[in-house]
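The values are calculated or read from the model by the stated rules, or taken from the named source; none is laboratory data. The structure displayed is predicted, hence computed values, not measured ones. Using ideal geometry, Cβ is built from the backbone for each residue, glycine included, and neighbour counts are taken over all protein chains shown.
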Amino acid sequence: MFRDVSSGNTYNYGDALYWDARYIQEGGSFDWYQRYSALRPFVRKYFLISSRVLMVGCGNAVMSEDMVKDGYEDIMNIDISSVAIDMMRKKHECIPQLKYMQMDVRDMSFFPDGSFGGVLDKARPGFEKCEGDSSSTRSYLEPIPTTDKGSLPADFVLEDPDSHFIYVCKKLDETKLRHQTIH
């Protein structure tokens, strides 16, 4: 839950009904943080145009559409809101590079391992913290440590052997990862 102190309202960002109501009320499109044009240099550096991209929490943003205009060939957009997914399917029915699926990102069992060449998630970590999920001992906003060679330390990666959370990474070879933070 997130409490807006200025209005006194409480929002449950992890609830599909909250998002359904919001998309019905607001309509249009909205990019939470940045438009694709601002993120393009970073996206182009780390995501091959030919790779299959997963867009987490796509909502009604135009980022995926802009990526297709820039040459990206296969973008799977997912969102917890069926309203957002229905709106975007209708809007982009003539753009075969964009696919949409209503689902909760906390259960990715639908997709086999290795289904995507990259994942873009613009807001989910912040919303998860708003939901009061304290299961993670690390803050999502905490800097990710690296070794002198730019690799992630083994104790960071192996803290929870069943799941890993890395903001942005580029595979250098089979064992080395380098992170990059955008400010």
Practice task
Return a yes/no flag: does segment 74-90 have any residue that is in contact with a strand residue (DSSP E or B) (Cβ under 9 Å, 6 or more places away or on another chain), of a type outside the set (S, T, N, Q), surrounded by fewer than 16 Cβ atoms within 10 Å (Cβ to Cβ) and outside any loop (DSSP other than H, G, I, E, B).
Solution key: yes
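For segment 6-18, does any single residue satisfy the condition of being charged (D, E, K, R) and either modelled with pLDDT of 85 or more or outside any loop (DSSP other than H, G, I, E, B) (or both)?
For segment 6-18, residues charged (D, E, K, R) and either modelled with pLDDT of 85 or more or outside any loop (DSSP other than H, G, I, E, B) (or both): absent.
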Exercise for the section: Six or more apart or on different chains, Cβ under 6 Å: which pairs go from a residue in segment 47-62 that's of a type in the set (Ser, Thr, Tyr) to one that's assigned to a loop (DSSP other than H, G, I, E, B)? Could you list them? Expected result: Ser50/Glu73; Ser51/Gly117
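Which one is surrounded by the fewest Cβ atoms within 10 Å (Cβ to Cβ) among residues in segment 51-73 that are assigned to a loop (DSSP other than H, G, I, E, B) and modelled with pLDDT under 95? Let's see the steps before the verdict.
Going through segment 51-73, the residues assigned to a loop (DSSP other than H, G, I, E, B) turn out to be 51, 57-62, 70-73.
Now restrict to residues that are modelled with pLDDT under 95: 51, 57-62.
Details: Ser51: 14, Gly57: 21, Cys58: 24, Gly59: 24, Asn60: 20, Ala61: 23, Val62: 17.
Across segment 51-73, the extreme among qualifying residues is Ser51.
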